[in-house]
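The values are calculated or read from the model by the stated rules, or taken from the named source; none is laboratory data. It should be emphasised that the depicted structure is a prediction, and the values quoted were computed from it without experimental measurement. Every residue, glycine as well, gets a Cβ built from its backbone with ideal geometry; the counts of neighbours run over all protein chains shown.
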Amino acid sequence: MTAILSLSNVGKSYGNVHALRDVSLSVRQGEVTCVLGDNGAGKSTLIKIVSGLHPHSAGEVSLDGSPVSFGSPRDAQAAGIATVYQDLALAPLMSVWRNFFLGNELRSGLLRMLDIASMKRICAAELSKMGIVIPDLERPVASLSGGQRQCVAIARAIYFGARVIILDEPTAALGVKQSGLVLRYVVKARDAGLGVIFITHNPHHAYLVGNHFVILKLGRVVLDAHRDSLTLDRLAAEMAGGEELAELSHELRGVDAGKVVPPASPS
């Protein structure tokens, strides 16, 4: 299947600092591409390039096979690339339906008044497609659970024409139950025909929903594998550091886990 979005040997430098080097990946329709890495691995820089916030310094970004360079996030959105950041960019005290249409309000009549009824109807229908029912769309977004807020942001992106959706650590601040809820929404977005880029540091969450996996370390790709050729154990080991973890395990092999250090005697 032809990639919707592809990066070929993409790099990004800030002066003498190389945040990304020779990063290549492809995002296909109906697939979840998981990008994993610890803090400082280059995940945030990758998001900024794909979402149009920062230009890349090297390599090529292509959309439907044609090279592109987004000048702003609005350009990326117009091309069908939506980003759901960890902080969601929702207005906490505004209602659910207002957040859904924030910046894209529907208007009708000669006076161009807000078409509240239509916006509520569409909002309820789109959330229902994602498997969530919110009886009172007037309630503030802040009153929703973390998983429900993620759903609102994802459903909004899909409704407004996203073909590729970037999810920035959507489960990072959530408990087990809410994380499970969000992962279900990731699958629903995939099944709706979107190409999903799932940014995470959690290999277990990635393996539950991912089709393709890329691990970044210090701005470089250290693993690029399809699910068919990868086990969860290997993914977790590569994410944890592989050789570094083995060295640490060897170093700590003689440590007595049952040893208790007595408190220091008062002087």
Item to check | Leading residue by the ranking (nearest to Lys48 (Cα to Cα)) among those in the range 165-185 that are polar (S, T, N, Q) and buried (at least 20 other Cβ atoms within 10 Å of the Cβ) | outcome: Thr171
Item to check | Every residue from the range 90-124 that is exposed (fewer than 13 other Cβ atoms within 10 Å of the Cβ), touching a residue at least 24 places away in the same chain (Cβ under 8 Å) and not polar (S, T, N, Q) | outcome: Pro92, Leu93
Next on the checklist: Please determine whether any residue of the range 207-222 is aromatic (Phe, Trp, Tyr) and under 11 Å from Cys34 (Cα atoms).
Outcome noted: yes
Checklist entry - Which members of the range 161-196 meet the condition of being hydroxyl-bearing (Ser, Thr, Tyr) and either assigned by TED's automatic domain parsing to the domain that holds Glu126 or within 11 Å of the chain's Cα centre (by Cα) (or both)? => result Thr171
Checklist entry - Does any residue of the range 8-26 turn out to be under 14 Å from Phe198 (Cα atoms), out of contact with any helix residue (DSSP H, G or I) (no Cβ under 9 Å at 6 or more places or on another chain) and surrounded by 15 or more Cβ atoms within 10 Å (Cβ to Cβ)? => result yes
Checklist entry - touching a strand residue (DSSP E or B) at 6+ places or on another chain (Cβ under 7 Å), assigned to a loop (DSSP other than H, G, I, E, B), under 22 Å from Val186 (Cα atoms) and of a type outside the set (D, E, K, R) - does that describe any residue in the range 134-141? => result no
